[in-house]
Amino acid sequence: MPDIWWKADPQDLHRLTDRVSSVYVERSHLDRDENAVVIINKRQTVRVPAAMVAVMLLGPGTRVTHAAVSLLADSGTTVCWVGEQGVRMYAAGLGPSRGAGLLHRQAWLVTRPKERLAVARTMYGMRFPGEDVSTLTMQQLRGREGTRIRKYYRAQAARTGVTWNGRLYKAGDAFAAGDDLNRLLSAANAALYGICHAVIIGLGASPGLGFVHTGKATSFVLDIADLYKAEYTIPLAFDLAAQGLTEERDARLGLRDLIARDKLLGRIVTDVKNLLTPEGTDFEDSEANLLWDEHLGAVPGGTNYASDTLAHGMTDNHIAVIGPDIDEAEPTS
């Protein structure tokens, strides 16, 4: 099995401003030593300055201490618990940016029909290289995309000799409907969604504010994943079916290898940033503790604006689970 300690060599990882975009860890223990995260396994020990990492992807077999997570959070590093080689994100922590600038920019774009349509056109334009989609409506774009994908499925079937009878998918259970090829497509797409989700969270954008898709907590994830399906998941599923490899694991591992080979994570980072903040955009993502005001726009936070009233504090309506002190002696009988 190839060495997968790093998702890529450190010098090859895509940079987000002055950070390495991601570090993938598997079958290792994470702890803290001063301002560095120490990653330990049976083969080696690696010290990673916390402030250099935008996204820490924790794969199977990984253990992490409270001190390590605290340091990563203080450094503005996203922590994502993911499947093998970064596919399928199960949970995520704080994003690398403590400011909400990118999220506000995304919300501004998605709530204005003209700007939202412009982003959607850009997304479709990325799927139709060399074609002018600047004047097409959403209905026209959807129709063109449907025609393109139908032709692409047929071309892949002709290339591999695998019979194609159409896409079948059952909401809520991706693997309950369709033949082996459909199940491979569903499995590969699910893995791709995990990668895109991790990148979006890592950048501080919202996975739910989509431009083409809407109504789901992962609408923007679906938007971004659609940019790469024709290049990755569709041909992969046909290739696996042609080889008689029909298990979900085959699709997951196959996509994992393609992601590592092409350094897709860095490409997704670039595409998301270019969609939300294209060149020439006046964009500020600095951290600021402000309160919204309908007249002034914003006022400083951390200030008690009521001179004669008591500020409400936290209640004790919560549950705490606290273990014994480390040095506390065991009770004797």
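The values are calculated or read from the model by the stated rules, or taken from the named source; none is laboratory data. This one's a predicted model, so the numbers in the text were calculated from it and none came from an experiment. For neighbour counting, all protein chains shown are included, and Cβ atoms are generated from backbone atoms with ideal geometry for every residue, glycine included. Please note that ligands, DNA and RNA were not included when accessible areas were found on the heavy atoms of the full protein model with its side chains. Shrake-Rupley method; radii C 1.70, N 1.55, O 1.52, S 1.80 Å.
The residues listed here are A118, A100, A107, A155; of these, the one that is over 23 Å from N182 (Cβ atoms), among the small types (G, A, S), surrounded by 12 or more Cβ atoms within 10 Å (Cβ to Cβ) and without any contact (Cβ under 8 Å) to a residue 40 or more places away in the chain is A118. With respect to the stated conditions, T160 fails to be open to solvent by less than 40 Å² (accessible area, probe 1.4 Å), under 26 Å from H197 (Cα atoms) and of a type in the set (S, T, Y). Which residue, of G194, G178, is surrounded by 14 or more Cβ atoms within 10 Å (Cβ to Cβ), on the phi > 0 side of the Ramachandran plot and at pLDDT below 90? It is G178. Of the residues contained in the range 208-219, one or more are found to be of a type in the set (D, E, K, R), open to solvent by 10 Å² or more (accessible area, probe 1.4 Å) and over 22 Å from G166 (Cβ atoms).
You will find that of V221, V212, the residue that is modelled with pLDDT of 90 or more and part of a helix (DSSP H, G or I) is V221 and no other.
Among the residues making up the range 143-175, those that are among the hydrophobic types (A, V, I, L, M, F, W, C) and at pLDDT 90 or above are I149, A155, A157, A158, V162, W164. Number of residues in the range 44-82 that are touching a residue at least 40 places away in the same chain (Cβ under 8 Å), surrounded by 19 or more Cβ atoms within 10 Å (Cβ to Cβ) and closer than 15 Å to E26 by Cβ equals 4. Looking at the range 26-39, I want the residues that are assigned to a strand (DSSP E or B) and have a partner that is open to solvent by less than 20 Å² (accessible area, probe 1.4 Å) and among the small types (G, A, S) with Cβ atoms under 8 Å, at least 6 apart or on another chain. Which pairs are those? Here the result reads L30/A68; D31/A68; R32/A68; A36/A50; V37/A50; V37/A68; V38/A68; I39/S28, each pair linking the range 26-39 to a residue that is open to solvent by less than 20 Å² (accessible area, probe 1.4 Å) and among the small types (G, A, S).
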